[in-house]
């Protein structure tokens with residue numbers, strides 16, 4: 001993914017492409033690889049996928065709220081939207097400084113081992129990703145810069161920046177290291 005991602009249309013295209021790549025990758029894994037942790041304290045691929053699902057659900061919920069509610073809840077952006085590459089660099093910098101996922105974004109390990117099959121988790125991903133695209137389709141391009149959302153690591157950022165993050169974040173999790 002590159003700085004060619006800027007407009008709403010290019011963001012939608014990138015989200016759909018990323019969705020397909022994530023789906024193809026996780027579907028290609030045999031169950032023993034999907035559920036196995038590559039080393040202690042690392043997430044399994046199943047946990048990485050669960051984390052991605054947990055990460056996009058709040059964004060989808062926010063995009064479905066009336067825009068006036070977003071403004072009341074989170075205020076207006078203090079700065080113009082950064083580019084895709086700038087957002088990627090900001091996120092990687094925070095990770096390098098020790099930031100990690102926490103709270104509701106953490107995968108629920110026991111549920112993944114006991115009750116979720118690989119195909120069921122992929123179906124959850126497909127539904128969550130489709131809902132994100134549907135919610136984004138209700139937004140105009142300029143609106144992406146006029147509304148802010150809280151990010152647990154990056155602070156308050158524009159909706160456009162959150163979408164840039166979402167694309168980059170999903171691609172990072174196509175490795176056993178994830179974030």
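What order, most packed first, do the peptides 15-24, 28-37 have when packing is the mean number of other Cβ atoms within 10 Å of each residue?
Going from most to least packed, we get 15-24, 28-37.
Relative to the compact globular guide of 2.2 N^0.38 Å, what is the alpha carbon radius of gyration of the chain, as a ratio?
This ratio for the chain stands at 1.02.
Using only Cα atoms, tell me the angle between helix 8-28 and the longest principal axis of the chain; keep it within 0 to 90° and round to the nearest 10.
0
Can you figure out the FRET efficiency of residue 141 with residue 79, using R₀ = 22 Å and their beta-carbon distance, to the nearest 0.05?
So, using R0 = 22 Å, E works out to roughly 0.75.
No value in this document is a laboratory result; all are computed from the given coordinates. Fair warning: this is a prediction, and the values are worked out from it, not measured in the lab. Neighbour counts are summed over all protein chains in view; Cβ atoms, including those assigned to glycine, are modelled from backbone coordinates with ideal geometry.
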